[in-house]
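Inspection log for the structure reproduced underneath, given as structure tokens.
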Amino acid sequence: MICYLCLKKRETSLSWRRLFRLREDVLCDECRQSLVPYDGKLTLSPLRDVIICYEYDESMSHLLYTYKKIGHVALAEAFISDFKRLAPLVRTHDIVPIPAHSTDVERRKFAHVDELLRAAGIPYRHLLRKRHSIQLSAMERHERLKQRHLFESISSERLTRPIVLVDDVVTTGTTLRQAAALLYERGAPDVRAFVLSRPIHNRRGNRANGRN
Ligand SMILES: [Zn+2]
């Protein structure tokens, strides 16, 4: 089998995973072990809580670059077991991806957060539309602060179910906060978030790279 990230060939051993017909990891041991679980805590009002899976470090940055920019969509399968954590919430919550702007989706040919959920078999629905194609991280600070309305609602339907927002990277949390505020305005009784990664710099109070 070939690792989906480093493309190195690796031996397939008769592991317990294979014996019990569980899905083979799409990453080799080396790539898998390079991903560092996130053990910090992020409080982000008005969200109830935020679950973060991994540190956004060099390894995760490389993986997400390969996934999003080079377009290796199958890498979404590397996070199936992480996103399966949402399965118990599906019956009672709406799972809502933070959307990319439509021009980014067209260029990329796929919606990167949707694909992470789809790979794990987690049903989701879109409630938000991104208003600008520019990334906050590409803006100067004073420009970023002016971006008060990153999203608009897709419909005017009153929301009645609690919501889990899903994104690939969080740094300052502006994106999640604005999305949550809009969903609360529309009636959502509760909004929380599930995010794949976050730069560790934030926890130490240094300037973070990457997205907001
Ligand atoms: Zn590898």
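Here's the yes/no breakdown for (1) assigned to a loop (DSSP other than H, G, I, E, B); (2) at pLDDT 95 or above:
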residue	(1), (2)
THR12	yes, no
ARG17	no, no
ARG23	yes, no
VAL26	yes, no
LEU42	yes, no
TYR54	no, yes
SER61	no, yes
TYR65	no, yes
LYS68	no, no
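Step by step: first the residues of region 1-10, then only those that are more than 8 Å from the ligand (Cβ to nearest atom) and farther than 13 Å from ALA74 by Cα, then the one that is modelled with the highest pLDDT. Which residue is that? Show your work before the answer.
As a first pass, look at region 1-10 and keep what is more than 8 Å from the ligand (Cβ to nearest atom): 1-2, 9.
Then drop every residue that is not farther than 13 Å from ALA74 by Cα, which leaves 1, 9.
Values: MET1: 83, LYS9: 87.
Selected residue: LYS9.
At pLDDT below 90, small (Gly, Ala, Ser) and out of contact with any strand residue (DSSP E or B) (no Cβ under 6 Å at 6 or more places or on another chain) - does that describe any residue in region 99-122?
Yes, there is a match, as at least one residue in region 99-122 is at pLDDT below 90, small (Gly, Ala, Ser) and out of contact with any strand residue (DSSP E or B) (no Cβ under 6 Å at 6 or more places or on another chain).
How do the pairs read when you match residues in region 173-185 that are buried (at least 18 other Cβ atoms within 10 Å of the Cβ) with residues anywhere that are in a helix (DSSP H, G or I), using Cβ under 8 Å and keeping only pairs 6 or more apart or on different chains?
THR174/LEU136; THR174/ARG144; THR175/LEU136
Please determine whether any residue of region 140-163 is modelled with pLDDT of 90 or more and within 16 Å of the chain's Cα centre (by Cα).
So far as region 140-163 goes, yes, one or more of its residues are modelled with pLDDT of 90 or more and within 16 Å of the chain's Cα centre (by Cα).
The values are calculated or read from the model by the stated rules, or taken from the named source; none is laboratory data. These numbers were taken from a predicted model, which means no experiment stands behind them. Cβ coordinates were reconstructed from backbone atoms using ideal geometry, including for glycine residues, and neighbour counts include every protein chain displayed.
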